[in-house]
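The structure appears below as structure tokens.
The values are calculated or read from the model by the stated rules, or taken from the named source; none is laboratory data. These figures come from a predicted structure and were not determined experimentally. Please note: Cβ atoms are built from the backbone with ideal geometry, for glycine as well, and neighbour counts cover all protein chains shown.
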Amino acid sequence: MKKHLSTRFLPTALLLLFLIACYYNGFSGLYGPTRYYSFRSKPLSEGEQKTLHVIYIIGLVLIAFVFFGFGIIVKRQVGRTRKKIQEAAKFDAMWNEEKMIAYARETYLKIQEAWTQRELKQVNELVTPHFIARFQPLLNVYRQKRIVNLFENIVLDKISIVKIQDSANDAEDSFKAYIKGSKNDYFAYDSDFTAPLGNSSETVEFEELYVFVRDGNMWKLDNIINDPEKKDFR
């Protein structure tokens with residue numbers, strides 16, 4: 001699974017910090033800087049101990065950012081977007097946050113079903129021609145290989161509207177729905193769904209952005225961004 005930008009470089013950064021700490025402290029004991037030394041022949045100086053403490057603190061901050069940083073970004077974006085929706089709703093009934101979230105949920109579930117069937121035309125009224133042109137070729141490859149991408153136990157933990165574009169020209173209106181949840185996501189041959197290609201019981205967490213554009217008095221799905229990064233919310 002593709003990671004957020006922060007989680008792409010942070011494991012490397014944390015490993016580097018750990019190796020630096022090990023150089024100063026030795027692998028045999030990270031909790032007694034003047035007692036254990038695997039690489040050094042003398043105790044740490046006061047300055048080296050302070051450096052080691054700073055490294056530990058930076059590591060803790062980075063770990064906290066991995067777990068909480070992206071969630072904070074999403075929360076702030078939702079708050080700003082909600083105000084924009086409330087303002088747009090004064091002049092256009094299409095901007096209804098509750099209905100937009102419900103529509104995003106319904107669309108997500110129907111897309112999963114169509115994906116398993118390997119045929120997006122069955123959701124033609126929900127998606128744009130651009131969406132079909134982008135994703136149907138991949139499903140055609142699945143069909144040629146006689147494999148099916150199956151989804152089970154879908155749980156949608158959070159759906160939030162994180163970006164809108166309200167233009168004078170309604171045809172240019174759009175919004176992005178952030179969808180977070182979990183599911184069993186695996187492949188199987190279409191001749192025998194009982195013989196999965198991989199672990200069918202493994203629960204996979206996912207985060208996606210569903211990008212909707214306006215088509216008259218309807219919203220249509222135009223793109224899906226898997227594992228979105230900060231730049232995708234702009």
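Checking the condition in a strand (DSSP E or B) and either in contact with a Gly (Cβ under 7 Å, 6 or more places away or on another chain) or closer than 24 Å to Thr81 by Cα (or both), which residue from Ser160, Ser182, Ser167 passes? Can you show your working first?
On the way: Ser182 fails: either in contact with a Gly (Cβ under 7 Å, 6 or more places away or on another chain) or closer than 24 Å to Thr81 by Cα (or both); Ser167 fails: in a strand (DSSP E or B).
After applying the criteria, what remains is Ser160.
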Next on the checklist: Out of everything in the range 79-138 that is small (Gly, Ala, Ser) and buried (at least 16 other Cβ atoms within 10 Å of the Cβ), what residue ends up being nearest to Glu152 (Cα to Cα)?
Outcome noted: Ala114
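When you go through Ile111, Ile132, Ile147 one by one, which is the residue that is closer than 17 Å to Glu207 by Cα and of a type outside the set (D, E, K, R)? Don't jump to the end; show me each part of the working.
Working: Ile132 fails: closer than 17 Å to Glu207 by Cα; Ile147 fails: closer than 17 Å to Glu207 by Cα.
Checking each option against the conditions leaves just Ile111.
Answer yes or no as to whether Lys183 is under 29 Å from Asp92 (Cα atoms) and in contact with a strand residue (DSSP E or B) (Cβ under 9 Å, 6 or more places away or on another chain).
Values: under 29 Å from Asp92 (Cα atoms): no; in contact with a strand residue (DSSP E or B) (Cβ under 9 Å, 6 or more places away or on another chain): yes.
The answer is no for Lys183.
Conditions tested, residue by residue: (1) among the basic types (Lys, Arg); (2) under 30 Å from Lys75 (Cβ atoms); (3) at pLDDT 95 or above.
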position	(1), (2), (3)
Tyr142	no, no, yes
Ile159	no, yes, yes
Asp192	no, no, no
Gly198	no, no, no
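Based on what the data block shows, is Ala188 touching a strand residue (DSSP E or B) at 6+ places or on another chain (Cβ under 8 Å) and either surrounded by 18 or more Cβ atoms within 10 Å (Cβ to Cβ) or not in a helix (DSSP H, G or I) (or both)? If you could, list the steps in order and put the result at the bottom.
Values: touching a strand residue (DSSP E or B) at 6+ places or on another chain (Cβ under 8 Å): yes; either surrounded by 18 or more Cβ atoms within 10 Å (Cβ to Cβ) or not in a helix (DSSP H, G or I) (or both): yes.
Against the criterion (touching a strand residue (DSSP E or B) at 6+ places or on another chain (Cβ under 8 Å) and either surrounded by 18 or more Cβ atoms within 10 Å (Cβ to Cβ) or not in a helix (DSSP H, G or I) (or both)), Ala188 qualifies.
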